[in-house]
Structure formats: structure tokens, C-alpha cells
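Computed from the coordinates by the stated procedures, all read-outs in this text should not be read as laboratory data. These numbers were taken from a predicted model, which means no experiment stands behind them. Cβ atoms come from the backbone with ideal geometry, glycine included; neighbour counts cover every protein chain shown.
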Amino acid sequence: MRIIKTTLVAGLISILAMFSAQAEKVKIGDPGWTGATAIANLLAAVVTDKMGGEAELVPGNNTAIYAAIDRGKGEIDVHPDIWLPNQEAY
């Protein structure tokens, strides 16, 4: 499980690097549970402090976060803590 989370975080950082390199604001969903909030804040710190970009935490539940990502309108770009297979339906 730890390897999966590490791999997911590395993947998210790669995605964030792409957004940050384009000088866009990265909007990170925050579903509100402790682990996800910690990861969201860590990702935001990496984007702002290490990559010179902008990051915004957007609160919401899984349904709202995944729907915003799916719409592709820039409402939310990243879900910080994906649990598979539990969230596979989203």
C-alpha cells in the first residue's frame, strides 16, 4: 500500500510540474479527510515553494471533485488521495 501511495504522489507531482511549467494555477481538490488534506497541502507547497507556481485548495467531496476533473474546465485539476479500487466508480 505504501508503494502505491508513493507512486501516486510521484505521479501527481509530475502532473503538477506540467501545470506549473505552463504558469497556470493548479487547483487541488481537498475531500476533507486527514490524509487527503495533508497530501493536498504537501502538493500545494511543492507547487508554490519548489516550482514557483500557484496552487489553490478546493474543498469538496469525492463526487464533486471527480465531476469537476471530468468536466475539464479547470475547476479542479488534481485529486490528492485516490483509493483504488474503492473509488473506481468515480
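Would it be correct to say that LEU57 is of a type in the set (A, V, I, L, M), within 16 Å of ILE82 (Cβ to Cβ) and not in a loop (DSSP other than H, G, I, E, B)? Before you say what the answer is, go through the steps one by one.
Numbers: of a type in the set (A, V, I, L, M): yes; within 16 Å of ILE82 (Cβ to Cβ): no; not in a loop (DSSP other than H, G, I, E, B): yes.
Criteria not met by LEU57.
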Considering residues that are charged (D, E, K, R), touching a helix residue (DSSP H, G or I) at 6+ places or on another chain (Cβ under 8 Å) and free of Cβ contacts under 8 Å to residues at least 40 places away in the same chain, the number found within the range 29-55 is 1
Over the range 25-59, the set of residues surrounded by 12 or more Cβ atoms within 10 Å (Cβ to Cβ) and at positive phi is GLY32
Going through the range 62-85 in order, the residues found to be within 13 Å of THR37 (Cβ to Cβ) and not in a helix (DSSP H, G or I) are HIS79, PRO80, ASP81
